[in-house]
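Here's the structure, in structure tokens; my notes come after.
The values are calculated or read from the model by the stated rules, or taken from the named source; none is laboratory data. As the structure is a computational prediction, the values presented were derived from the model and not from experiment. Here the Cβ positions follow ideal geometry from the backbone for every residue, glycine too, while neighbour counts run over all protein chains shown. These area figures cover heavy atoms from the full protein model, side chains too; ligands, DNA and RNA do not enter into them. Shrake-Rupley method; radii C 1.70, N 1.55, O 1.52, S 1.80 Å.
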There are 2 protein chains.
Amino acid sequence: MSEARVNTVLKIGGSVITDKSGELAAKTNEINRIAEEIKKANTQGLVVVHGGGSFGHPYAQRYGLKEGLKQESQKLGFSETHHVMTVLNGLVMDAFVWHAVQAISITPSSCLITENGRISDFADAPLKRYVNMGFMPVLYGDAVLDTKLGFTILSGDQLLSYLASNLHAERMIVGVDVDGVCESDPKIDDDARLLKNLTLQDLKKLQVRLGKPTSSDVTGGMLGKIAELVPAVEKGIEVTIINAMKPNYVYRALKGDPVEGTVIRKE
Amino acid sequence: MSEARVNTVLKIGGSVITDKSGELAAKTNEINRIAEEIKKANTQGLVVVHGGGSFGHPYAQRYGLKEGLKQESQKLGFSETHHVMTVLNGLVMDAFVWHAVQAISITPSSCLITENGRISDFADAPLKRYVNMGFMPVLYGDAVLDTKLGFTILSGDQLLSYLASNLHAERMIVGVDVDGVCESDPKIDDDARLLKNLTLQDLKKLQVRLGKPTSSDVTGGMLGKIAELVPAVEKGIEVTIINAMKPNYVYRALKGDPVEGTVIRKE
């Protein structure tokens, strides 16, 4: 079979589709709006990844899943954490089906294994075939098995970067709840200046200046997000970070129309 | 890694956990009772498969998915059919999590592909690892990709037989909404005599005498069920067919206690 023709990998942050100050709190209005924008954009070769927000993160933290299997009692926590992620994914898929998008969910923990937290074995034959057939695969951050740790948490950001690299995507779009990468933390500093264009070298300088994430996020928030994206950007896949809370930003980014945000390129 | 120590593959029929005269009609009381019985039995090395009932079947039929991809409009039907199966599976997993069972759902369409309707490529590394770690994988009949047909419907019965054979299970248990295999159709004939012990040779003789399924079932009802089980029984894996609507039958079958039903052995 020919190579999957993936054009774009779009990540929708957990902070966009859930209320991270709550627990199991989905923002179904935002989910619905974003599904509508994706339908309207009608992007060919699109793969979507979403985060865990107030579904995955509080559970993963409570049971210490990211650090791996240390005691038997964590196993129930693993079951629960994966289950709540399927609930959030179900709400996302409901919206896609409602908007007649040819979307198909792919369960990360069913088809991939990590080694020390990094994807090491991804049985991606179904995923590639879905893309070739014109379906839009939807994946998400998940509790997954790990050859060294027993199990761990796979972030949606690692998935995004892995998929973009391995499916030879042309671009990544990352929808978050801030305007992009700023000189300071925009959740603390109202005057935080948005950085519209960054190279990998600019990024390195920035990483020390960016603050810690502002709420519960086992995957490291913006710092972790940027670190995860670097390997894909190094391969020449540019990333546009946009505020997915703002109506039509996802749509415009998908269409390639001008949209406020941060573009990160190799050089 | 050592071979997965699978002892039992348990199938719960779609007619047990859904109302097949309706559509998207889950019998959550039955789902809850069966989850409780599985928790109480505490069977090591257990894999569970459930059917689609009034979730998967009406959708699969409406879009003609079993026969494969013939027109573009079926693709949305494929998305919908898989989605409603994840909804049913979500209700089943809710019950397991509620009863503190270390269950983990495995999405068939995410990790396997069929060829002309038969499983040809199953990336089962996560599944085997889950079993080795003491988790209980839960799979289900699903809309899946097919190398020849584009896509098709994979029955829970084929999955049951495949898993039992390939994971070298000791036994299969099939929970349905009748008492077992009868000389005539028990849904029509009240005096239908239950056949308690059958060999494969007995089965062959019976197959011509068994009637058609009594309601919508794209996977062929009891006839299809029995035909699917034969390859596993030929390998020496016995199957017990029980009425899972009757309280404690699933529990007793799992414990190996005497329970009314039909046992099918190689000879």
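Of note:
- Pair B:K204, A:L206: separation of 7 Å Cα→Cβ label points (nm): 7.2
- Shielding of B:92-105 by partner chains, average beta-carbon count, 10 Å: 4
- Average partner coverage of A:74-86, which counts Cβ from other chains inside 10 Å: 4
- Residues whose amide H lies under 5 Å from that of A:T147, counting only those 5 or more places away or on a different chain, are A:T114, A:E115, A:N116; hydrogens are built 1.01 Å from N in the peptide plane.
- Inter-copy separations for B:D189, label at 7 Å along Cα-Cβ, nm, ascending: 8.3
- Classification of region B:1-98 by its C-alpha gyration tensor yields an oblate form. The axis ratio a/c (a ≥ b ≥ c) is 1.5 or more, and b/c is at least a/b.
- For chain B, built as a Gaussian network whose Cα springs stay under 10 Å, the top-fluctuating residue of B:L200, B:L88, B:L145: B:L200
- Global form of region A:48-163, assessed from the alpha-carbon gyration tensor, a/c cut-off 1.5: oblate
- Computed from the alpha carbon positions, the gyration tensor of chain B leads to an equivalent ellipsoid with semi-axes of 25, 22, 19 Å, biggest first.
- Label point distance in nm, A:K246-A:D189, each placed 7 Å from Cα along Cα→Cβ: 1.9
- Computed on region A:8-63, with alpha-carbon pairs under 8 angstrom and 6+ residues apart, the relative contact order is 53 percent.
- In region A:48-130, the trypsin sites (Lys or Arg not before Pro) that fall in loop regions by DSSP, at most 12 other Cβ within 10 Å: A:K70
- For B:P231, label point 7 Å along C-beta direction: distances to other copies, nm: 3.6
- B:E72-B:E238 pseudo-label distance in nm [points 7 Å out on the Cα-to-Cβ vector]: 5.6
- Beta bridges per DSSP with both ends in chain B, % antiparallel, nearest 5: 35
- Ascending list, in nanometres, of distances separating the A:T147 label from those of the other copies (7 Å, Cα toward Cβ): 2.5
- Neighbouring Cβ atoms from other chains, within 10 Å of the Cβ of residues in A:110-118, number 4 on average.
- Relative contact order of region A:8-121, taken over Cα pairs closer than 8 Å and 6 or more residues apart, is 27 percent.
- Mean residue ellipticity (222 nm) of chain A, computed from DSSP H runs ≥ 4 via -39,500 (n - 2.57), nearest 500: -11500 deg cm²/dmol
- Model label zone, B:S120; criterion: amide N under 16 Å from point 7 Å along Cα-to-beta-carbon; scope region B:126-153: B:144-153
- Springs between Cα atoms under 10 Å define the GNM used for chain B, and in it the highest mean-square fluctuation of B:I12, B:I241, B:I188 occurs at B:I188.
- Percent carbon-and-sulfur accessible area, the protein assembly as shown, ignoring ligands, DNA and RNA, probe 1.4 Å: 47
- For A:K11, residues with placed amide H under 5 Å, excluding near neighbours: A:V49, A:I173, A:V174, A:G175
- The relative contact order of chain A comes to 23 percent, based on Cα pairs under 8 Å that sit 6 or more residues apart.
- Highest-MSF residue in chain A out of A:E238, A:E30, A:E72 [GNM, Cα springs under 10 Å]: A:E72
- Per residue, in Å², the accessible surface of the protein assembly as shown once ligands and nucleic acids are set aside, probe 1.4 Å: 40
- Three-way shape label, the protein assembly as shown, alpha-carbon gyration tensor, a/c 1.5: prolate
- Interface B-A: total buried accessible area of about 3300 Å², 1.4 Å probe, protein heavy atoms only.
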